[in-house]
Every structure is written in structure tokens, then in C-alpha cells.
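Beneath this line is the structure, given in C-alpha cells, with notes to follow.
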Amino acid sequence: MQIEIKLDENCKEPKIIVVTNKMTDEINKIMKRLSDEQPKMIAGFKDDIVEVLEPFDIYRIFAASGKVFAETNHGEYTLRLRLYEMEQRLDSNFFVRISNSDIINLRKVKGFDLSFAGTICVTLSNGTVTYVSRRFVAKIKQLLGI
């Protein structure tokens, strides 16, 4: 992909032009990212206090007992959004769904253990261990290039 920036003193508002021979998933992702004007905040609830969570601090987001939680450097927070809504809010370059109940932050992964038959064991940098369900194994292997 080529990127070109032209500086024009007469330009009052930035303008982006995408030149391509066909629409691809990559172009659609770029268009979606550019059209998202408002930053999407993630509110976490802990002990009757609401805190704004930074995506970089999140290790994983998971569902348990009918609730959705975010595991961060500062503990677990309850989220009021569903898992699929969180998946839409988070940057797909860093957050990946590994099961029906788990989304992990790839920046916080310590390692992937492929020795389990039919699944992958994921160890996060805070010591949490979770598993990729069989349904998502192919997606993770493709992501890892194996």
C-alpha cells in the first residue's frame, strides 16, 4: 500500500482520497477506521466506582456467570456491554476473539502452547492462562502464520 501526503496552505479541512482498482477487506477496514469519529470509551465498574479503561491496560475481556469482565493491571472490572459489542469497540489489530467467552489483547500474550490436541493454550503476561476453542484455532494459526 502506498501512502501519500500533500501539504497545501489553502486547504481548510483535511481530505482523504483512496485510489484502488477494487473494494477489498483492507479498504473496508481503512474506511471504517477513518469514519469512526468519536473515540469509544470503555467504562469499567468496580466497587460502585466507574473508571475509564485504557485498551492498552486490558489483558482480556471475558464472559462468566452471565456478566462481562475486563481483566486489567488494576484488577477485574465489570462491563455493561456484551462481548460482541466490546469486540466491535476494540482495535482488531490488537484484540482477537479466541472463544465464545474470551477476547485477548495480543500485546499482552506471553506465549501460545500448541501441544494440546485440538486447541491452543494462551498464557498472558500477567500469568492468566486461557484456551482457544476449536472453532477459533484456524483463525489464531492464520494470525500466527502457522
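Is there any pair linking a residue in the stretch 116-143 that is free of Cβ contacts under 8 Å to residues at least 24 places away in the same chain to one that is loosely packed, with under 13 Cβ neighbours inside 10 Å and among the small types (Gly, Ala, Ser), with Cβ under 9 Å and at least six apart or on different chains, and which?
The qualifying pairs are CYS121/GLY111; CYS121/SER115; THR123/GLY111; ARG134/GLY118; VAL137/GLY118.
Restricting to the stretch 32-46, give me the number of residues that are charged (D, E, K, R), within 16 Å of the chain's Cα centre (by Cα) and not in a loop (DSSP other than H, G, I, E, B).
Residues that pass the stated criteria total 2.
Looking at the stretch 99-132, which of its residues are modelled with pLDDT under 90 and either of a type in the set (Gly, Ala, Ser) or out of contact with any helix residue (DSSP H, G or I) (no Cβ under 7 Å at 6 or more places or on another chain) (or both)?
Selection gives ASP113, LEU114, SER115, PHE116, ALA117, GLY118.
Given the condition among the hydrophobic types (A, V, I, L, M, F, W, C), at pLDDT 85 or above, open to solvent by 100 Å² or more (accessible area, probe 1.4 Å) and not in a strand (DSSP E or B), answer yes or no: does some residue in the stretch 68-81 qualify?
no
Say we look at the stretch 87-120 and pick out the residues that are of a type in the set (Ser, Thr, Tyr) and farther than 18 Å from THR72 by Cβ; which of these is most open to solvent (accessible area, probe 1.4 Å)?
SER115
State whether one or more residues within the stretch 47-55 are in a helix (DSSP H, G or I) and either surrounded by 13 or more Cβ atoms within 10 Å (Cβ to Cβ) or in contact (Cβ under 8 Å) with a residue 40 or more places away in the chain (or both).
yes
Quick one: which residue in TYR84, TYR77 is on the phi < 0 side of the Ramachandran plot, of a type in the set (Phe, Trp, Tyr) and touching a strand residue (DSSP E or B) at 6+ places or on another chain (Cβ under 7 Å)?
Only one candidate passes the filter, namely TYR77.
Of everything in the stretch 1-31, what is assigned to a loop (DSSP other than H, G, I, E, B), of a type in the set (A, V, I, L, M) and open to solvent by less than 100 Å² (accessible area, probe 1.4 Å)? Give them in sequence order.
Correct list: VAL18 only.
The values are calculated or read from the model by the stated rules, or taken from the named source; none is laboratory data. Because the structure is a prediction, the values reported are computed rather than measured. Cβ sites come from the backbone with ideal geometry, for glycine too, and all protein chains shown count toward neighbours. Calculation scope for accessible area: heavy atoms of the full protein, side chains included, ligands and nucleic acids excluded. Shrake-Rupley method; radii C 1.70, N 1.55, O 1.52, S 1.80 Å.
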